[in-house]
Structure formats: structure tokens, C-alpha cells
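Contents: one structure, followed by commentary.
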Protein chains: 2
Amino acid sequence: MQNFVFHNPTKILFGQGTIPAIGPETITFGQKVLLVYGSGSIRRNGVYQQVTESLQKSGAEIVEHPGVQSNPLLSHTREGIKLAKQHNCQVVCAIGGGSVIDEAKAICAGAVVDHDVWKFFTGKKSVTAPLPLTTVLTLAASGSEMNAGMVITNEETRQKFGFANKKLYPQTSILDPEATFTVPADYTAYGAVDAIAHVLEFYFTTQDPATPVQDRLMEGLIINAMESCDRVLADLHNYQGRADLMWAATLALNGLTAAGLGKVGFPMHLIEHSISALYNVPHGAGLSAIIPGWMRYQCPRTPERFARFAERVFDVRSGSPAERGAHGITALEAWFQKINSPTSLHGLTIPAKDIPRIADNAVALAKVWRMPDYDSDRIQAILAIC
Amino acid sequence: MQNFVFHNPTKILFGQGTIPAIGPETITFGQKVLLVYGSGSIRRNGVYQQVTESLQKSGAEIVEHPGVQSNPLLSHTREGIKLAKQHNCQVVCAIGGGSVIDEAKAICAGAVVDHDVWKFFTGKKSVTAPLPLTTVLTLAASGSEMNAGMVITNEETRQKFGFANKKLYPQTSILDPEATFTVPADYTAYGAVDAIAHVLEFYFTTQDPATPVQDRLMEGLIINAMESCDRVLADLHNYQGRADLMWAATLALNGLTAAGLGKVGFPMHLIEHSISALYNVPHGAGLSAIIPGWMRYQCPRTPERFARFAERVFDVRSGSPAERGAHGITALEAWFQKINSPTSLHGLTIPAKDIPRIADNAVALAKVWRMPDYDSDRIQAILAIC
């Protein structure tokens, strides 16, 4: 185990009927609230009404910033910052999934500075004293509700960049599984893929093979994300399945899974960010298209680790480490297919001739993320088997 | 999964060489520091010197409160409170294991009020604005370094009582596995037993059998506590083993394992507290003496749960649920024996004729902990098979 700092101050309120707590939790930080959300889905399922009623009952003045897209855009983030400044908002409340919460974090950071918010993403400026953030989660996927990271797409430069800062943990996040009942099957599946991808990145890029406590935590989360996703796809209103998937996705990226692993990378997200920056595919769909190929590229380099994954997650017990590793990859790929998430570039309708273009984009991000071993050749070699 | 609130604000600094951070972490809260610790062991292994040097370098004024015993005493806690008041201490720094950290928490709560500190333990008073606490952990066991609970023994009334309050999470806890290198084999084993007992309490008293995310987390922690303890007992200076045991013990009782289980109980701790209040046996030794008996008493009531435990932790795959459950209990008991931790009252040299006396003491605590189903008959029935 490597040295680490773990400090996650986010307060989680989990369960049915917890949304009405959002008002009191939010106005602790001020009455002027910027309410950030996406499209009409939260109006249709009643979450919007529950949140605004609670905020109003608590005496909040609400400034609305709707229209966040999946793969949230820099231009829209800038509008939110302008609005927050104009109205002197004291706190931001996000209702949505990772995209909404990510954009809300960027608004929190950008609303208190004079420079452009993109400078945080390119590493040219550091976060100072951001506005506090509360969230109501409506999608089990990104883990953004209990971490300090965010990803935004700059549509001018076609860059999907991310950064994290410890001042940007949400103060309070409300996780009501019922708020995810109306998520359709495809996005439920993509969400599960995203959560699993977070764990896989850590599991397979750790520099330290001696992390048995973290390994069992990660293996358990992957198994639970898969099993709960299966239950939800069989019945979209299965409360326990929704609850397990939601909590597993949150724990997948709240700092615990990576604590003690040393320097980890996000190679799958690196490549996927370029794909969704160029083609605007759903994040989870882009990930499942990349993951089997990335794993097949990586498996010969650390076969023991892949064998352990296969054994612990898929009960694969025979064969050489490389063989067991390969079985594990095939089993995961089969599960992606079962939940109808694409498992190749072809499945995303991206032609092989675009590979150099995707690689160019990813190389730029690799520089920002300080992953120098991900050069164009390597990325193209991976994409060639995706 | 049941509704829950999870909010653990403790900052963990984990790893070799982290102790010199204690000065800066502590004086954030004030220069006047009450330093709480136990016996001479931290002087012999150099931890005391590292801590005081760091505090002094940071400009702290140190008031010393040494002499905390395992099963910390109310009288000594009162002395610490008196000292903190006398010197207007602004922050408490604890160096030690669960006993030291527990007493330090009680001092933090008691130093800012006029009434006696015991009133917190009997539920007659609530914690207001306690002094902040930092800790340097020297024993992997109680989890006190990352939770808000504490246990103190009132030697006048022979009561070992505990309570928790969210204002009493340590601000920062430093976990350097090397600080546990000098813990002898017996106390290393007792520490592992304590950590495992915390998980077992939740695992077997949950009101909700549908908590698969938490189940795998708990099963993983039990396996890791056992495996890392084995490695450490083979070589007391095994850094990775010490690190895994330390982190597993912390995660066992930091709120995550219980989040979502609904109302859980501490029946094993309930009975053990009475035993160590009456006989002053090491806490972990008392626990391992009780656990197999308690499990055998409980197994017929929830055999499916015991069967799952046996399967996931000890790979027991055949037999009826009750049979598998029984195998799991026997396997755990055998492991306790292997690490030389007692597995019966006889092993603690407590005669069977003392059972009513222990039960009387435990019934009083059951009232405070609101565990009305633990009456004298039930406790005696359990002790009869311990």
C-alpha cells in the first residue's frame, strides 16, 4: 500500500423520501441559490417540483440555470457563471447526473474569479474559495456527487477536459433511488458501465500490486454494479436494485477505491473523452466500446492482475494467468453485450479510418493529465483492437 | 437497503513518515495542545518524540496528560478535563490506540461544559461544541481514529459505557503502520479480533437482509483483517501486513460498513464490556471468548446469513444453511485459536458461576444502549455456551 490522504467531507443523505431535505441543507450556505439542471426529465418525474418546493419552503431565492447537456459544454458553463455573478448567488444546487453536477462544480469555481473558467481545466489557474454546492442525484454513474472532480467539453477546441480540487466536494448530496426510476434501460446500463470503468481504471493501472484491502473493495463494487444493473434492467422500478447500483456507483469514485494505490491513470477515460468530444456519444457507451480492447492490450503486461480480476469477479479458476485474464475480459465483454452497451468502435458507428483523428485528440488530453506514456502510437494500437 | 446519513469528515494521512505532519495539522485549531497518551511504549518506539518534536516545531504549547489505561477510566478522564480547563487548551492531540483516542474524545466533550462528563455516557446531557481532536494511531483495532464513538469505564459503578456524537469525529488522524511495529503478537491479535467483531456485529444484527454492497465490503474487510493479521504474526515488522490491518480496522468502523443496514446492535460488545469492566481483560480477548458462543446462539435464528458468511469468508459451499453456518463459526473459532486469542470464558479463567454477575452488569448497559431484547435470561443463555 502506498501513502495517501483521504478526506471526503461530503454528507450523504441516502434513501426514499430524502429529497425534501434539500432546502434546509442548501440554505445553510445562503438564501440566493443557483439551481442547475438539465432537460425536462426532472419536471416529468416530479423531482424538480420536490426540490423547488423544499427550497422555497426554506426561504430560498432561486435563480434557474437549466439546459445542461450530457457531456456538458463550456459555453453553457460560462452562462451559468455569468448568472451566478449577476445575481450574487451564494450557493449552487444541482439536480441531475454527473453532467449536471460537473457543470455545477465548474460554476462554483468560476463564479468567484475574474478569469475564464477554462483556465482551471488547462491547469493555468487554481481554485480559490468556490461557492458551496449541494446536489440531488438522478443518475447512478459518475460518482460526481461524492467527489471533487468534473469534466467539461470545450466545443470550440473540441476538448473534453477534467480536473479535481478538494474545495469542490459537494457539501451535501441527496441520493434517492426513486429519483432514478425513470432513467431508461440504455442510460441505466451506460451508468453502470461508467461506475465499473472507474473501478477498472484503478484496478488495472495501480503501481502497487499489494493492495488487498482495496482489491476486495473494488471487486465487490464491480460485482454489485453488475448484479444490481441486471436487476434494474429486469424491472426499472426495482427499488433495491436502484439503491444498490446508486450506492455502488458513488463508492466507486469517492476516493476510497484509489486510496493507497499510488499514482493511477485513466487511460480508458482518456480515450473515451476524445471519442465523445468528437462524436458526442453517451459516455458509458463510449467506455464499453473501449474497455475490452484496452484490457486486451494491457493484459499481457500484468497478467496476474487480470487473472485475479477474472477469478474474483467471474469465478474463473483454471488456466494460466494470461488465459484466466482473457476469460475475464471475454466475460465482461459478454456482460456489456447482454446489457446492450456497445463493445467496439463499430458498435458506435465510428469507422476505423477515424482512429488517427481520435488519437490526436487524446494525445492533447494525455499531456494535461500527465500520462506521457499514452502517445499516438499506443492509443492507435489500442483503438485498432477496439 | 435502509435510508441512512453518511458524513465522515475525518482527514486521514496514511503511511510511512506521516507523523511529522501532526504539528501543522494540530495547531490549525490552536497553539495550546493537551497531549493525551498511555504508558511508556510510545517513548520506547520513538513515536512520542516524533509527535512532540513536530508540535514544538509548529509552535505548540504542550500540556501533557499521560497514563491512559486500556479500558480507560472515568477518573483519569476527569483529570484530563481538569487539566484542559486549567490550561485553556484549544485542541487535544491523542497518541495511542482506541483507549487513548476514546478518552481524548471524552476530554474534548467534557472540557467545554460545567457538568460531569459521565452525563454524556448515561444520556443525560448532549455534546455541545467540543474541543477539536487530532490523533496519531499506534494500534490497529478500534476504528476510533475515524469515528465519533468512545467507551469509558466508570470504576466506581463498574460500568463500561459508550456513546457517539457526530461532533466528535477527529479532525485529522495520522495512520503510520510503522508506529504499530512494536505492538506485541498478543495485542496485534486482539486488535484484529476487535476490528472483525465490529464487522460481525453489523453483519449479523442487520434488520435488512438485502444489502449486497455492504455485505461484500464487510466480507472483504474480515478476510483482509484475518490475512493481514496472519502475515504480521509471522513477522511483526511486515510493513504491508501492518498497513493492510490498520486500514481494514479503520474501515471496519468508520460508518461505511453500517450505512444502509438500518438499526444494528452490538450484542458481542455489550457482553464483553461487562466482562472487561469486571475482570479487566483485554477487549479483543474478551470478544473472541464471546463471539463463537454468541454466533452459535444466533445462527439458528438467521441461518441464511450465517451460511453466506461461511461461503464468502471461508469458502464453505456444501450442506444446509444451518450446517454451512456452523462450519463458518467453527472456522472462525479455529482462526481465533490459531492467533492465540481465547475462545471461551474458561480461556479467560472466568468460572461459570460468575455468569449471573456478568449478566446483571450487561443488562444495565443494554438499557442505556436500548437493546431491550438483551435481558438477563438471554445473556445467561449465551454465556452458558461461551
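No value in this document is a laboratory result; all are computed from the given coordinates. Only a predicted model underlies this, so the values are computations on that prediction, with no experimental measurement involved. Reconstructed Cβ throughout: ideal geometry from the backbone, glycine too, with neighbour counts over all protein chains shown.
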Seminar exercise, completed: Rounded to the nearest 500, the 222 nm mean residue ellipticity computed for chain A from DSSP H runs (n ≥ 4, each -39500 (n - 2.57)) alone is -15500 deg cm²/dmol
Exercise. What's the average, rounded to a whole number, of partner chain beta-carbon atoms within 10 Å of each residue's beta-carbon in A:213-225?
Worked result: 5
Seminar exercise, completed: Taking every C-alpha to C-alpha distance in region A:5-114 and binning by 10 Å from 0, the per-bin percentages run 14, 46, 34, 5, 0
Seminar exercise, completed: Sorted largest first, the Cα spans of chain B on the principal axes come out in Å as 64, 43, 43
Exercise. What ³J(HN,Hα) values, in whole Hz, does the Karplus curve 6.51 cos²θ - 1.76 cosθ + 1.60 give for region A:221-238 when θ = phi - 60°, with x put for Gly and Pro?
Worked result: 5, 5, 4, 5, 5, 5, 5, 6, 4, 4, 5, 5, 5, 6, 7, 5, 9, 6
Exercise. Along region A:46-54, what does the Karplus equation 6.51 cos²θ - 1.76 cosθ + 1.60 (θ = phi - 60°) give for ³J(HN,Hα), rounded to whole Hz, x for Gly and Pro?
Worked result: x, 5, 4, 5, 4, 5, 5, 4, 5
Problem set entry | Among A:V5, A:G143, A:Q298 - extreme Cα towards positive end, dipole of chain A, charges at beta-carbon | A:V5
Exercise. Looking at region B:82-172, which GluC sites (Glu not before Pro) are in a loop (DSSP not H, G, I, E or B) and have at most 11 other Cβ atoms within 10 Å?
Worked result: B:E156
Exercise. Measuring label to label, 7 Å along Cα→Cβ, what does A:E156 give against each other copy in nm, shortest first?
Worked result: 7.3
Seminar exercise, completed: Looks like region A:131-286, by Cα gyration tensor root eigenvalues a ≥ b ≥ c and the a/c under 1.5 rounded cutoff (else prolate when a/b is bigger than b/c, oblate otherwise), is rounded
For this session: Would you give the gap between the C-alpha center of region B:100-163 and the C-alpha center of region A:348-386, rounded to a whole Å?
Result: 55
For this session: Take every residue in peptide B:259-272, count the Cβ atoms of other chains within 10 Å of its Cβ, and give the average of those counts.
Result: 1
Problem set entry | Neighbour-count order for A:K32, B:K338, fewest beta carbons within 10 angstrom listed first | B:K338, A:K32
Seminar exercise, completed: Karplus-derived 3J(HN,Hα) from phi for region A:347-355 (6.51 cos²θ - 1.76 cosθ + 1.60, θ = phi - 60°), whole Hz, x at Gly and Pro, runs x, 9, 6, 9, x, 4, 5, 7, 3
Seminar exercise, completed: Per-residue Cβ contact counts at 10 Å, fewest first, order B:V151, A:V36, B:V313 as B:V313, B:V151, A:V36
Exercise. For a paramagnetic label modelled at 7 Å from the Cα of B:R43 toward its Cβ, which residues of region B:75-99 fall within the zone defined by backbone nitrogen distances under 17 Å?
Worked result: B:95-96
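With +1 on each Lys and Arg Cβ and -1 on each Asp and Glu Cβ, how big is the dipole of chain B about its Cα centre, in debye rounded to the nearest 20?
Using Cβ point charges on Lys, Arg, Asp and Glu, chain B gives about 700 debye.
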For this session: Please go through the residue pairs B:K124/B:K167; A:K11/A:K338; A:K11/B:K85 and name each one whose alpha carbons sit more than 28 Å apart in this structure.
Result: A:K11/A:K338; A:K11/B:K85
Exercise. Just counting partner chain Cβ atoms within 10 Å, what average do the residues of peptide B:12-20 show around their Cβ?
Worked result: 4
Exercise. Non-local amide H neighbours of A:V136 (under 5 Å, H modeled in plane, Pro and chain starts lacking H): which ones?
Worked result: A:A94, A:I95, A:G96, A:I174
Problem set entry | 15 Å Cα-Cα reach of B:K105 towards aspartates and glutamates, excluding residues that sit fewer than 8 places from it in its own chain | B:E79, B:D116, B:E145
Seminar exercise, completed: At R0 = 56 Å the Cβ-Cβ FRET efficiency linking A:Q207 and A:Q31, nearest 0.05, sits at 0.75
Seminar exercise, completed: Listed by chain and number, the residues whose amide H is under 5 Å from that of B:S142, excluding neighbours fewer than 5 places away on the same chain and using placed H, are B:G98
Exercise. Based on the Cα gyration tensor of region A:87-219, what are the three equivalent ellipsoid semi-axes, each the root of five times an eigenvalue, rounded to whole Å and given largest first?
Worked result: 26, 20, 15
Exercise. Once you sort the root eigenvalues of the Cα gyration tensor of region A:287-386 as a ≥ b ≥ c, which label holds: rounded (a/c under 1.5), prolate (a/b larger than b/c) or oblate (the other case)?
Worked result: oblate
For this session: Indicate the gyration tensor shape class of the protein assembly as shown (rounded, prolate or oblate), computed on the Cα atoms with a ≥ b ≥ c the square roots of the eigenvalues: a/c under 1.5 is rounded; otherwise a/b larger than b/c is prolate and the rest oblate.
Result: prolate
For this session: Set Lys and Arg Cβ to +1 and Asp and Glu Cβ to -1, take the dipole of the protein assembly as shown about its Cα centre, and tell me which of A:H198, A:G15, B:Q171 lies farthest positive.
Result: B:Q171
Problem set entry | Radius of gyration and Dmax over the Cα atoms of region A:326-376, both given in Å | 14.3, 35
Seminar exercise, completed: About its Cα centre, the protein assembly as shown carries a charge dipole, from +1 on Lys and Arg Cβ atoms and -1 on Asp and Glu Cβ atoms, whose size in debye to the nearest 20 is 940
Problem set entry | A:G123 long-range amide H proximity, modeled H, under 5 Å | none
For this session: Going by C-beta contacts inside 10 Å, put A:S39, B:S341, A:S142 in order with the fewest on the left.
Result: A:S39, B:S341, A:S142
